[in-house]
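Shown next, in structure tokens, is the structure this report addresses.
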Amino acid sequence: MPNLELPKSFDEFVDARKAGFIHVKDYVENGGHLVGIFCSYTPLELFDAAGVCAIGLCGTSNEPIADAEKVLPKNLCPLIKASYGFAYTDKCPYTYFCDFIVGETTCDGKKKMFELLNDIKETYVMQLPQGQKRAYAKDIWYEEVKLLKEKLEEKYGVEITDEKLREAAGKRNALRRTQLELYALQGMNPPALKSTEVMSTLAQGLFHFGVDAQHATYRARVDAAKAAYEAGERPVSEKAKRILLTGCPSTGVIQKVGVTIENNGGVIVCLDDCGGERTTKMMVDEDADDILRAISDRYLEIHCSVMTTNEGRIENTKEMCKKYNVDGVVELVLQACHTFNVEATRMQEMCDEEGIPYMKLETDYSTTDSGQIETRLAAFLEML
Ligand code: BJ8
């Protein structure tokens, strides 16, 4: 049974990292293969079908940023600096032990960082088209997914058959359905789980090796939370203000934003980032004649601010505000993330039209603005 607690202190964080080093070292020494990935657009079924494990490398800690800034500009997104910093300092076991890294041409900062990352560890970059509505975009992405398939086949001396891809799609879809159950628990009134527990479960699941282990983590959490709720446990007050958290990936600010919302009378009932329901509910058509095409089509549908135009994200958030009966929307913008920052205007317009209170928080992974963030969030929650 995995430990589902959030690290509460730096010592615990260090212990967790040490455990991670030992785990990943054992895995690799016993013949396991890891490939580092960074983005929701990465077609995971291909790695499953090749028998290798795709592991998320998105940096979520402030720790390596000072070192990263020796190479990268200071005014760059903290997620990009932390991701590079972990490779640069050899402090992340997953980056250290992975065979190579797969990135995509998403935002400018990330795709240019990949060029430098390639000097440290082989980084294979998929060329992601950024206008989903163009008819030929699907063909471009299909060709990119095919090239990745060939890369994996050559690297690992395996054949990625349609049968293996179909099996992988089935398992990934099942995992997605369990993840949707997790989100549904968070959306109950009152929620069956604190938002920080959900964020922590999702973050931990990403560091398990393989879809089966990840699925088992989520399943155990869902079953435990359902049983506790049925037994009458109510971890969140009925009076807690229901928040939808949208914008940039939030794992790096769980403490600064998630815990602060909870400590000030709120609860995040909907995590609306690229790993949230908006993306998770997209399934691969397992019965499609061309399974590789079905996989590539599924991933290109994802609504990220790097796409232009990207109305689908705003529409989706609008639907989820209703579905989760939210009291307010908090938009997280990581510093220097231009795509989410500019798109925040559209998000605010939608909230204004729907009469939903909205606030934008621009922050990074440091603690320097923690007091200011707490004051702003407390004032926002107070007025809901
Ligand atoms: S699908 S959100 S994981 S690109 S926050 S690095 S966009 S400057 S992380 Fe992302 Fe894929 Fe989109 Fe999701 Fe750039 Fe913005 Fe930083 Fe970002």
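The values are calculated or read from the model by the stated rules, or taken from the named source; none is laboratory data. This is a predicted model, so every value here is computed, not measured. Reconstructed Cβ throughout: ideal geometry from the backbone, glycine too, with neighbour counts over all protein chains shown. Calculation scope for accessible area: heavy atoms of the full protein, side chains included, ligands and nucleic acids excluded. Shrake-Rupley method; radii C 1.70, N 1.55, O 1.52, S 1.80 Å.
Just reorder Y94, Y88, Y27 by solvent-accessible area, largest first, 1.4 Å probe, all chains present.
Reading off the accessible areas and sorting them downward yields Y88, Y27, Y94.
Just to verify a number: what accessible area does L116 come out at with the full protein assembly present, 1.4 Å probe, Å² rounded to tens?
Using a 1.4 Å probe on the heavy atoms, I get roughly 60 Å².
Would you mind calculating the relative contact order of region 172-314 from Cα pairs under 8 angstrom and at least 6 residues apart, reporting the percent as a whole number?
Values: 161 pairs, mean separation 37.1, N = 143.
Across region 172-314, relative contact order equals 26 percent.
What do you get for Rg/Rh over region 10-161 if you use C-alpha atoms and the Kirkwood form of Rh?
0.99
Residue by residue, what Karplus-based ³J(HN,Hα) values in Hz, rounded to whole numbers, does region 34-46 have, using 6.51, -1.76 and 1.60 with θ = phi - 60° and x for Gly and Pro?
Result, ordered by residue: 10, 10, x, 10, 10, 8, 5, 7, 5, x, 5, 4, 5 Hz.
Using a 1.4 Å probe, how large is the accessible area of C58, given in Å² and rounded to the nearest 10?
The value for C58 is about 50 Å².
Could you tell me which of the pairs K133/K239; K112/K164; K138/K318; K256/K322; K121/K318 are separated by over 31 angstrom between their Cα atoms in the structure shown? Working shown, then result.
Working: K133/K239 42 Å; K112/K164 33 Å; K138/K318 26 Å; K256/K322 26 Å; K121/K318 40 Å.
The pairs that break the limit, which is 31 Å between Cα atoms, are K133/K239; K112/K164; K121/K318.
Step through the table entries K241/K323; K25/K146; K70/K151, compare each Cα-Cα distance with 21 Å, and write down the pairs that go over it.
Pairs exceeding 21 Å: K25/K146; K70/K151.
Within the chain, what's the longest run with no trypsin sites (Lys or Arg not before Pro) in a DSSP loop and at most 14 other beta-carbon atoms within 10 Å? Give the range, please.
135-238
Could you sort D108, D26, D99 by their accessible area in this structure, using a 1.4 Å probe and putting the largest first?
The residues order as D108, D26, D99, largest area first.
Please go through region 204-241 and write out the GluC sites (Glu not before Pro) that DSSP classes as loop and that have at most 12 other C-beta atoms within 10 Å.
E233, E238
Taking H placed 1.01 Å from N in the peptide plane, check which residues at least 5 places from E104 or on another chain put their amide H under 5 Å from its amide H.
Amide H to amide H, under 5 Å and 5 or more residues apart or across chains, E104 pairs with M126.
Within 10 Å of each candidate Cβ there may be at most 11 other Cβ atoms; applying that plus a DSSP loop requirement, which GluC sites (Glu not before Pro) in region 144-211 survive?
When the GluC sites (Glu not before Pro) of region 144-211 are filtered for loop state and at most 11 Cβ neighbours within 10 Å, E159 remain.
Taking only Cα atoms, what is the 0 to 90° angle, nearest 10, from helix 338-354's long axis to the longest principal axis of the chain?
40 degrees
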